[in-house]
1. Report the Cα-based extents of the range C:152-302 along its three principal axes, largest first, to the nearest Å.
2. With θ set to phi - 60°, apply the Karplus curve 6.51 cos²θ - 1.76 cosθ + 1.60 along the range B:148-160 and write out the HN-Hα couplings as whole Hz, x wherever there is a Gly or Pro.
3. Measure of size requested: the Rg and Dmax of chain A, with Cα atoms as the atom set and Å as the unit; please supply both.
4. Protein chains only, probe 1.4 Å: how do C:THR91, A:THR207, C:THR175 rank by accessible area, largest first?
5. Under 17 Å from the Cα of C:LYS176, which lysines turn up, not counting those fewer than eight places away in the same chain?
6. With a 1.4 Å probe and all protein chains in place, put B:MET242, C:MET146 in order of accessible area, largest first.
7. Give the cross-link partners of C:LYS251 among the aspartates and glutamates, using a straight C-alpha distance below 14 Å as the criterion and excluding same-chain residues fewer than 8 apart.
8. Quick check: with the 1.4 Å probe, what order do A:HIS163, A:HIS222, B:HIS178, B:HIS78 take by accessible area, largest first?
Amino acid sequence: MSTRETDSTSTTQNASTEPILRTENVRKEFGNLVAVDGVSLEFYDDEIVGIIGPNGAGKTTYTNLISGALSLTDGTIVFDGDDISDLRKYKRVRRGLVRSFQIPQIYDELTVFENVQSSVLSRKQENNRLFSLTHRDTASIEETERLLEMFNLESHADEHTEHLPHGVRKILDVAMSFALRPKLMVLDEPTSGVGSREKNAVMETITDAAVERNIGLIFIEHDMELIRSYSDRIVALHEGRVLDDDDPAAVMNSEAVNQFILEGGV
Amino acid sequence: MSTRLPTFGDMKAQELKGLLLDKRLLGGGVLFAALALYPGLTMNAYHTRLLAWIMCFAIAALGFNIVLGYTGLLSFGHAAFFGTGMYTVVIAMESAGITDLIVLLVLAMLAAGVVGAVIGALSVKTHEIYFALLTLALAQLLYVLAARDVGGLTRGTDGIGLSRPDFLGIPISEAPAHIYLMGFYYHVILVCLFATIAVLWLVLRSPFGLTLKMIRENETRAEMSGVPILRYRLYSMVLSAMIVGLAGALYAVVVGHVTPEYLDWTMSGEIVFMALLGGIGTFLGPIIGASGFIILQEVALGVTTYWHFTMGLVLFVVVLTLREKGIWGGAKALVDDLNERRDDS
Amino acid sequence: MPIESLLVNTFNGLYFAALLFFASVGLTLVFGILNLLNMAHAAFYGLGAYVAVWTLNNAGDVTTSTVVLLAMLVLVIPLVVFVLSAVLDKTVFAPLYEIEHVYQLLATFGVILMLDDVIKFIWGASPITVDGATDPSRQLGAIDLMGVSVSAYRSFVILIAVACAVGLYLMFVKTKLGKISQAMSEDYEMVQMLGINVNRVRVLIFSISVAIAALGGALFVPFATATPAVTLEYVLLSFAVIVIGGLGSLKGVVVAALVIGMVRSFGIAYFPALELAIVFGLMALVIIFKPEGLFGDEGVVE
């Protein structure tokens, strides 16, 4: 079962660039259950990596370890050259490691504009400014307007987010993550709950923005078509371990992947 | 990580001009003038006292609402801050011989801020009812210590009487009680109330205020935007505690006698009640709530000895019908609704 | 004699624990099974106290028989309150099941205020006490327990509390109502979907819980006065008990009541100034370090 090919990543990448994120032998145990069993992977800021695997393969646990939502049982996480294994969640975000969730995490009682502006202000670490009015803060307002434009959200700017359609909420969630100017974004099922016709539009918006801003993307996805069309590289996880890590065509044709994942009826 | 101190934003001349022409500001100015002139024009000591009382609790309810309305945490321990404000004034006057009002108010805010920092640091990690129960337990701990006079500062349940403080070296405390209140102290409370409103209005519309709302609306997202949420919850507790402490300090001089009852959980309950009655989802709601609560209590007390029943019923009905909107939010929604209908037809 | 005082304090601790158990067990059951945080629960303890004083003092004209008086406290008063609370569950409390915990807390704070005045309206604002002639604690006198003279009535109260705890345990383990209740505490919607009349279960659990609180209040008064402050004191104490024990746990209530009972009893004897401070300090420590309480993550009965 040890079909690990972590070494192959370096061959597909330009050897001179440093990985933006590197996990070394990352491990997570919940009592007797080993959810992530020594995963070593490298990710670069100019690629889009899809993570696949059956339910319980450890995909979400792995992303939670990266974001800091869970603490490591063992192993090291290096981001942008620094060991961040013990860094608090919000500090990882401030360094440019941002994740989004399966269910859009937005502020329901605020307007779309305020949602994005809040992220802009947080990125600038201006949360503790006490005596300046946010609705007169031209710098953050202009940046927010540009982001709304980029994600086609201008028409919703003054709406409260509660009643937005699901697809728009997803896009807003992504726009808020982009406002943080990440170096690497980890997306947990960016198109879940989005109608099948909209899925491609959502993915296009995300990947275009990522390429434009030079942001590395890691995304978990169940839809094999999407994975195939948008990934530069695919990582297959199975029972907490790396089953395969290669370019999409190779992974999709791998025997092990076909046996454990594709035929597993995901 | 930046640890920039809070700064006064670059308020340009034009912005300032716009602010001055704001309708709300004009309304506030008129209200301030009317309230300031009221005691002198009517010479009604009872009304002046009632207004002073209302304004003290309006400050308390406004301060409390930072935590409940903006950060989204139900504290059932705000009596600790109110009581700390009161005890600081009386102990500083009677034991340390400090008689200047300004010094006393600053001391009270600092002391309440420290208590807020301690209770906050212990409780910000907990959620919802656990936060309510923990703040309740910690405040009640303070009540028990004061009631049993542990430490020998509070004289137990008898409480401590206090004399009137002076102001900037002027021996104004020698004036008769009703002149002291109607000619001086009432106006101090009035200025404090409007200063609180002005400061909070700015603070809650600043990035800081938006950050508190982010935490209320979605903690996960706030944290994933790089906000250290526990620290901001703590900040909101300390700010809230300082303002409630100021309210307590002002109120101590109005009642002239400080007892542990002001630290008791029923006091916390009343502060929550006031904020909720007016509407925790609005900025001015807590002021309306404090006024409504105290006027209702006065009226109910005048008509029947069973005013608890009246208050309980009102709280029950408000919680079930208006929730976070309260009277003020409910009225606003009603006006919006009527406007919409008129536009439609 | 240190041994003697140890025994006396332990006995008093058990008596306090019994009262705390009566006051709190319903609070934790209603929260655990029905998901209602009823701040007004202890108000029924206060109500039970008033009803008991009134009943005992009026019974004097008819009988002073200890057995009859005890039967009134243990059977008649809880039964009356059971019926009353069934009515309240269908009226006042019905809308509260649908709202968030923090609003439940506030609305039931309103109920406390209302009940407080209802009590004042019926019995007046001044404290009332049981007449000597119909006071079962005087009639029963003292008994000898391992060489120490203790109140026979207090022993009786402790026994009733034990019986009540065992009865509740058996109800949850053996009866259909108990099993449905346990299922409800784990998955309310699922039980509803199985076609079980959850409203009937709700009324029963709520009324049993409230009746037990009233029973505690009734058993409490022969030794104390009924005052409006009883409610306010027990609101806090019962919250301390259920938080320390773990919200929704029967075992937790028993253990926490014992802990707080002992703290109070020994606290009053050795450090009277700090007795209540220890209780609230303990409550705060539990929420900070073990928010689920001692047994809160284990379901109603484990």
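The values are calculated or read from the model by the stated rules, or taken from the named source; none is laboratory data. Note that the coordinates shown come from a computational prediction; the quantities given were computed from them, not determined experimentally. Every residue, glycine as well, gets a Cβ built from its backbone with ideal geometry; the counts of neighbours run over all protein chains shown. Note: accessible area is taken over every heavy atom of the protein model, side chains too, but ligands, DNA and RNA are not part of it. Shrake-Rupley method; radii C 1.70, N 1.55, O 1.52, S 1.80 Å.
1. 54, 37, 26
2. 8, 6, 6, x, x, 9, 9, 6, x, 6, 5, x, 10
3. Using the Cα atoms of chain A, the pair Rg, Dmax is 18.8, 62 Å.
4. Sorted descending by solvent-accessible area, the residues read C:THR91, C:THR175, A:THR207.
5. none
6. Values: B:MET242 55, C:MET146 145 Å².
Result, largest first: C:MET146, B:MET242.
7. Candidates past the 8-residue exclusion: C:GLU292, C:ASP297, C:GLU298, C:GLU302.
8. On the way: A:HIS163 155, A:HIS222 55, B:HIS178 105, B:HIS78 0 Å².
Output order, biggest surface exposure first: A:HIS163, B:HIS178, A:HIS222, B:HIS78.
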